[in-house]
Structures are given as C-alpha cells and as structure tokens.
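All remarks here apply to the structure that follows.
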Amino acid sequence: MDSNRSSSKSAFSLVEIMIALSIFAMVMLSVGGLLLMASRLGQASRNRIEALQDARAIMENLADRSYSHADLSLGNHSVTMGGNNATYVVTELEADQTKHVVLTLDYQSFQRSATIELQTVISNALH
C-alpha cells in the first residue's frame, strides 16, 4: 500500500495541470497581443514610409521643372501618386525670384488619416 501512495504523490493532480494550463494560456495571450501590436506598428511604419516616398517623388518632379512651368504656377495644385492625394501651394517671393512650394500629402494608416508636409524653395537662378 505504501508503494501506491508514493507513486501517486509523484504524479500531477488534475487541479495542478489545470492551473499550469491557465497560467500558460495567460502568458500566450499576452505574447500574442504583443505580436499583434508589433505587426500593426510595422504596418503603420510601412504606410508612412510609402507616403513619404510619394511626397518626396512629387517634390523632386517639381524641382526638376523649369521655373515658369505650369506645374509651378502660383496657387493651389493637386496631384495623385501611389494612391495618395496631395495638394501643393506655390507662392513667389519676387524680390528673390524664388518660389516657395508647400506640399501636403494625406494617407490612411489603420483607419486613421495622417498627413505629411514637405516644403522647398525653387530659385529662378538655378533653372
């Protein structure tokens, strides 16, 4: 009879197994939540990088235009690149013969609107 008691003491009871499984499940849910958050943050970063690349490409195209090109005419302009809508405003400083361009690009990041704004100055002397 003593041999039965000693063998039953070395085994895990059902309650101990249930407690261990509960702790394991809580730890795994926490880890899963962290992985989901990291995935979302990674996707948000990729969306922002893509939008920033689109905005820089638009600005580079504008900078390559001649000073008197229609795309650099004074006022508000709109353009679409990579599925993102952008607007830019051109103003002129006549004394310096420079144009100031402010580009605003709107993009979506996890059901949230976000905006990137870039600015540049284009000189008539360089074109």
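Condition check: of a type in the set (S, T, N, Q) and in a loop (DSSP other than H, G, I, E, B). Does Gln111 satisfy that? Answer is yes for this residue. Every test in (1) in contact with a helix residue (DSSP H, G or I) (Cβ under 9 Å, 6 or more places away or on another chain); (2) touching a residue at least 40 places away in the same chain (Cβ under 8 Å); (3) in a helix (DSSP H, G or I) is passed by Asn61 save one, and that test is (2). Count of segment 68-118 residues, restricted to those that are exposed (fewer than 12 other Cβ atoms within 10 Å of the Cβ) and within 24 Å of the chain's Cα centre (by Cα), is 9.
Can you name the residue in segment 66-83 that is in contact (Cβ under 8 Å) with a residue 12 or more places away in the chain and part of a strand (DSSP E or B) and is also nearest to Ser123 (Cα to Cα) among such residues? For segment 66-83, the residue satisfying everything is Gly75.
Scan segment 9-32 and give yes if some residue there is more than 30 Å from Asn124 (Cβ to Cβ), in contact (Cβ under 8 Å) with a residue 24 or more places away in the chain and of a type in the set (Gly, Ala, Ser), otherwise no.
no
No value in this document is a laboratory result; all are computed from the given coordinates. No experiment lies behind these values; they were computed from the predicted model shown. Neighbour counts run over all protein chains shown; Cβ positions are idealised from the backbone, glycine included.
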